[in-house]
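The values are calculated or read from the model by the stated rules, or taken from the named source; none is laboratory data. All figures in this text were calculated on a predicted structure; none of them were measured in a lab. Neighbour counts are summed over all protein chains in view; Cβ atoms, including those assigned to glycine, are modelled from backbone coordinates with ideal geometry.
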Amino acid sequence: MLEIRNLHARVEGKEILKGINLTVRPGEIHAIMGPNGSGKSTLAGVLAGKSLYEVTEGEVIYQGMNLLDLDPAARACEGVFLAFQYPVEIPGVSNTYFLKAAYNAVRKYRGEEELDAVDFLALVREKMKLVEMDPSLLNRPVNEGFSGGEKKRNEILQMAVLNPRLAILDETDSGLDIDALRIVAHGVNALHTPENAAIVVTHYQRLLDYIVPDVVHVLVDGRIVRSGDKDLALRLEDEGYEWARDLKEPVPGTV
Amino acid sequence: MSSDTQELQDLTGGEYKYGFVTDIEADTVPKGLSEDVIRLISHKKNEPEWLLEWRLKAYRLWLGMTEPHWANVEYPPIDYQDIIYYSAPKMKDRPKSLDEVDPELLATYEKLGIPLKEQELLTGVAVDAVFDSVSVATTFKDKLKDLGIIFCSFSEAVQEYPDLVRKYLGAVVPQGDNFYAALNSAVFTDGSFVYVPKGVRCPMELSTYFRINSLGTGQFERTLIVADEGATVSYLEGCTAPVRDENQLHAAVVELLALDDATIKYSTVQNWYPGDKDGKGGIYNFVTKRGKCAGRNSKISWTQVETGSSITWKYPSCILVGDNAVGEFYSVAVTNNRQQADTGTKMIHIGKNTRSTIVSKGISAGFSQNTYRGQVKIMKNADGARNFSQCDSMLMGDRCGAHTFPYIENNNRTAQLEHEATTSKIGEDQIFYCNQRGIATEDAVNMIVNGFCKEVFRELPMEFAVEAQKLLGISLEGSVG
């Protein structure tokens, strides 16, 4: 589904990603862990097409397409979804209106008929159960005045509505209490199918108690230094990133 | 980052869609301003002697005044002798019905989306159409007359209801009020006149549509709306002009008067030609608008959506004289390219328990400068007066400016005043967030800007709220790279 080859990217002239290689197949969940500043969020941003990041080398093949050739909206319409670490507020635009605009934009892109307000509301109400969200949040402006937990749940609600092929969760666990974490994780698990895939970017192992990854990658200083199964995350938890930081070069055969 | 800025630039470069010129014969007076020109205008309009004297008094006051330069706008000196002060589409007699109106004129309004033929007007909006300096048609007049409501062109009011005009003309904006008001008082040619009698609630929206057509003319219209005791009226004005390389002056005066328990709602969708990308041409929109809440429990509400004009200078104001009077000002001002806007309001609290609300949304794009200037003044006897002001500015791109100048003067200890102000840059983050959900940049900008303006749009009458949203879309539309 996704193949990242030797990806280099920089922000304002500073190189952050220094040769990322990663292959994600349908049905897989990949966790990307790493210390602060290692390039986790940059990788998520590059995949979604954030213009702040400049790709200097490498390629990203997604569903047979060169992902880097698509503008951000087209990537979204092709099924790439980014759950933001800091969801953005849009004052004066109701959450429902925003969701409907997004949903119909994607349908239009795929040549499908747009859904009317009544049918759409039914769909949203169904999906809201998944994240146990207060229905009053639908009429409020997008993320405005939402608590940290509400914002993250709103991200998962959008994901549920848009039903992406590849979901990238950027530190979705940050700032969540344990109950909210459980609800968010439950949402992600419920949406997981053999046809889609997820990349879970996280700093802490704790999220992986709830979302069990097929592969764990350790990102240090812009490179994946080690990949393994979920036990790798536990080892990181015990030994800390200092241990991973010492792994200067990728261990052969683990990527 | 740079590609987003480029996109914003493209987006905000929408074309002006009302720039055509109607080829119609016009009756004009020679260029320039003198007592003779004023006499000629007054004569052409068959005005009573008192009105001519009123004009001449204004002219003499004007001669002693200097053009104000305190606004945050820049423009080359205006040659007031190089302007044509009267231009009217040639008509043999005043048309008695729409059937007698020149088809060319009707076609012009249809092109602008304002069909004047009543049978096509299913929206229940009565329209007065002003072409250059003259009102060409007023719809639904007879129906309103049955209720005692007068809605006609100013010229007609002078002929038919001279006593009412004489009683109220200048009652809110006197001739010598300011430079442009004095100029307008001397040369005003037409406009709308509305009188709603005691206890009558006007059953439909009243609307005036202003169009400048002729080259080298100014438009100096004058609107006077009087709501007698317990009366209610909602009024809307719209305006467009052809694309011209030279600047044209528009100096209007609007006076509103609300007596006891009366309510006037005045909405403006201003879309004069804004000039081209480099700031060539466009309308100088120097307008004096003021409402007087003379009676107890009276209310005046201004809502404006300002997208056009190369320069806008206007401060729709409320003088809250009657106890418990309410003044409101809701404004969206969009500037793009080289446009300049210096706009806001004045709320003067005189009566007890008077209340005012100010909500201003400024959006600047391109190289434009957008200024909010507002005054809240609480007089000594205005016990319990309250004001709430909120001024939000949004910047698109990094070459435009947003400025806020609030002036607050409180002379009463029991008054409560609140002022909130924010300035934000249209978030590249917000646009990216929308993009990431599949929404294209153009739609995203539209959505974000409309969300920003929502508090103002919801004050507009329904049909016009839709029109205003579309207009905003047009002002901000363009090709996305």
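Any chance you could count how many residues in the stretch B:176-207 are among the small types (Gly, Ala, Ser) and assigned to a strand (DSSP E or B)?
Adding up the residues that qualify gives 2.
Residues in the stretch B:286-313 that are out of contact with any helix residue (DSSP H, G or I) (no Cβ under 6 Å at 6 or more places or on another chain), over 14 Å from B:Asp228 (Cα atoms) and in a strand (DSSP E or B): how many?
Going through the stretch B:286-313 one residue at a time, the tally reaches 11.
Can you tell me which residue within the stretch B:367-396, out of those that are over 13 Å from B:His419 (Cβ atoms) and of a type in the set (D, E, K, R), is nearest to the chain's Cα centre (by Cα)?
B:Arg373
So which residues in the stretch A:87-101 are surrounded by fewer than 22 Cβ atoms within 10 Å (Cβ to Cβ) and either under 18 Å from B:Phe432 (Cβ atoms) or charged (D, E, K, R) (or both), if there are any at all?
Across the stretch A:87-101, the qualifying residues are A:Pro87, A:Val88, A:Glu89, A:Pro91, A:Lys100, A:Ala101.
Search the stretch B:144-172 for residues being in a loop (DSSP other than H, G, I, E, B) and in contact with a Cys (Cβ under 9 Å, 6 or more places away or on another chain), and hand back the single one that is surrounded by the most Cβ atoms within 10 Å (Cβ to Cβ).
Among them, the one singled out is B:Ile149.
I'd like to know if the stretch A:59-79 contains one or more residues that are under 22 Å from A:Val184 (Cα atoms) and within 14 Å of chain B (Cβ to nearest Cβ).
yes
Regarding the stretch A:196-211, can at least one residue be identified that is surrounded by 16 or more Cβ atoms within 10 Å (Cβ to Cβ), farther than 21 Å from A:Val88 by Cβ and of a type in the set (Phe, Trp, Tyr)?
Yes; the residues of the stretch A:196-211 include at least one that is surrounded by 16 or more Cβ atoms within 10 Å (Cβ to Cβ), farther than 21 Å from A:Val88 by Cβ and of a type in the set (Phe, Trp, Tyr).
Identify, by number, the condition in (1) out of contact with any Asp or Glu (no Cβ under 7 Å at 6 or more places or on another chain); (2) within 11 Å of chain B (Cβ to nearest Cβ); (3) over 17 Å from A:Glu171 (Cβ atoms) that A:Gly49 doesn't meet.
Going through the list (1) out of contact with any Asp or Glu (no Cβ under 7 Å at 6 or more places or on another chain); (2) within 11 Å of chain B (Cβ to nearest Cβ); (3) over 17 Å from A:Glu171 (Cβ atoms), A:Gly49 breaks only (1).
Among the residues in the stretch A:84-103, are any more than 9 Å from chain B (Cβ to nearest Cβ) and among the basic types (Lys, Arg)?
Yes, there is a match, as at least one residue in the stretch A:84-103 is more than 9 Å from chain B (Cβ to nearest Cβ) and among the basic types (Lys, Arg).
What single numbered condition from (1) over 22 Å from A:Leu2 (Cα atoms); (2) basic (Lys, Arg); (3) modelled with pLDDT of 95 or more fails to hold for A:Arg165?
(1)
Select from the stretch B:172-192 the residues that are under 22 Å from B:Leu206 (Cα atoms) and not β-branched (Val, Ile, Thr) and list them in ascending order.
Passing the criteria: B:Phe188, B:Asp190, B:Gly191, B:Ser192.
Output the number of residues of the stretch A:19-53 satisfying the condition of being in a strand (DSSP E or B) and surrounded by 17 or more Cβ atoms within 10 Å (Cβ to Cβ).
9
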